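What follows is one structure encoded as structure tokens, with my remarks underneath.
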Amino acid sequence: NSRVKLTNVKDCIARGFCGENETPLEVASQQLLKDKINVIHTIGGDDTNTQAAELSKYLLEKHNGKVCVVGMPKTIDNDVYPIKQTFGANTAAVQGAIFFENVVSESTANPRMLILHECMGRDSGYLTAATAKAYRERLAKTSFLTPFTDTAESRDIHAVWIPELPVDIEAEGARLKAIMDANGNVNVFLCEGSGVKEIVAEMEANGEEVPRDAFGHVALAKINPGAYFSKRLASLVGAEKTLVQKSGYFARSAASNEFDRDLIGRCAKAGVESAIAGVAGCMGEDEDKEGTPIRAIEFERVKGGKPFDINQSWFQDLLKEIGQA
């Protein structure tokens, strides 16, 4: 579970998972052995699988590997090394696009409306970029009646801000103001991890405590990047009303689409074979191996924080089409 860090003894004791003289890894191991568990499948992102790695290593060293740990990479952030594609990321992108199709209609209710669509992604802009791509593909299939003010231009994305791209807020403000003047609204796709370093630096300079979780990650929901950017951008573009909408929970709670069901099925089949063979690891398409085969990737090679590749042609084309590059 990504909310429990077995190597953070202090946090585990504080939350009642183990006693003062116990170690969380040993307590977890003993419970697995007591329950006669032979295989444990961990399902989650980088935090879940790095903890699976710690548990697998501990079981191997202290208990002769009696429990085989097989991880399944489920995170809509798609930010896990060295895995090509994590479960749910494709589905979430499509669902985020559907979410914004409805939200963007709010731009017709108020003049000079600024809408920030905040997508999940602590370190990677993958989901924001993929959602933008999926949305524009859907928009391209939509017909509009020319006498009305609701147009393809007003419903289009006007900026995509992700951690991998530096944002000159003043320059972007000037560019987007021209769009606001022309269309009466501005739509920005914002990754929740964007600007976090700047926000943290500002908080620390003001003597404020930066909220963090058991893994040491900044609590993004509490520092609220969307609100931070909306306040700065609203004045630059002359917005009369600002709307910040987060699609994260809507997108990640959706049933898997055909792409993800196929990926999950292939990884699950390989995972069962790996478990029977007693081979621990995180199942996924291994980018470091020729042909990106699905295999039990050694846990010591699995880590989070993989950035989105902004040099992909489709993403560069998208930035040019919306006037950001």
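Assorted remarks:
- Test: residue in the range 132-150 that is open to solvent by 10 Å² or more (accessible area, probe 1.4 Å), under 19 Å from Gly193 (Cβ atoms), among the charged types (D, E, K, R) and at pLDDT below 95: no
- Unique residue being under 30 Å from Lys74 (Cβ atoms), in contact with a Gly (Cβ under 9 Å, 6 or more places away or on another chain) and modelled with pLDDT of 80 or more when the list is Ile157, Ile162, Ile179: Ile162
- Hits in the range 27-41 - residues which are among the hydrophobic types (A, V, I, L, M, F, W, C), at pLDDT 90 or above and crowded, with 16+ Cβ neighbours inside 10 Å: Ala28, Val39
- The range 162-181, residues that are open to solvent by 10 Å² or more (accessible area, probe 1.4 Å) and not hydrophobic (A, V, I, L, M, F, W, C): Pro163, Glu164, Pro166, Asp168, Glu170, Glu172, Arg175, Lys177, Asp181
- Long-range neighbours under 8 Å by Cβ, at least six apart or interchain, first residue within 23 Å of Gly65 (Cα to Cα) within the range 12-32, second part of a helix (DSSP H, G or I) and among the charged types (D, E, K, R): Leu25/Glu54; Glu26/Lys62; Ser29/Lys62
- Pairs where the first residue, in the range 79-91, is among the acidic types (Asp, Glu) and the second is open to solvent by less than 10 Å² (accessible area, probe 1.4 Å), C-beta under 7 Å, 6+ apart: Asp79/Ser124
- Every listed requirement among (1) touching a residue at least 40 places away in the same chain (Cβ under 8 Å); (2) surrounded by fewer than 20 Cβ atoms within 10 Å (Cβ to Cβ) is met by Ile157 save one, (2).
- Taken over the range 182-206, the criterion of being open to solvent by less than 70 Å² (accessible area, probe 1.4 Å), at pLDDT 85 or above and not β-branched (Val, Ile, Thr) is satisfied by Asn183, Gly184, Asn185, Asn187, Phe189, Leu190, Cys191, Glu192, Gly193, Ser194.
- Helices (runs of 4 or more DSSP H) within the range 208-301 that include 2 or more residues open to solvent by 60 Å² or more (accessible area, probe 1.4 Å) and not basic (Lys, Arg): 248-252, 258-276
- Inter-residue pairs, beta-carbon under 6 Å, first over 15 Å from Val80 (Cα atoms) and in the range 37-59, second surrounded by fewer than 19 Cβ atoms within 10 Å (Cβ to Cβ) and of a type outside the set (Phe, Trp, Tyr), 6+ apart: Glu54/Thr7; Leu59/Gly65
The values are calculated or read from the model by the stated rules, or taken from the named source; none is laboratory data. Computed from a prediction, not measured in an experiment: that's the story for all the values here. Here Cβ is always computed from backbone atoms with ideal geometry, including for glycine, and neighbour counts include all displayed protein chains. Accessible surface is based on the protein model in full, side chains and every heavy atom, while ligands, DNA and RNA are left aside. Shrake-Rupley method; radii C 1.70, N 1.55, O 1.52, S 1.80 Å.
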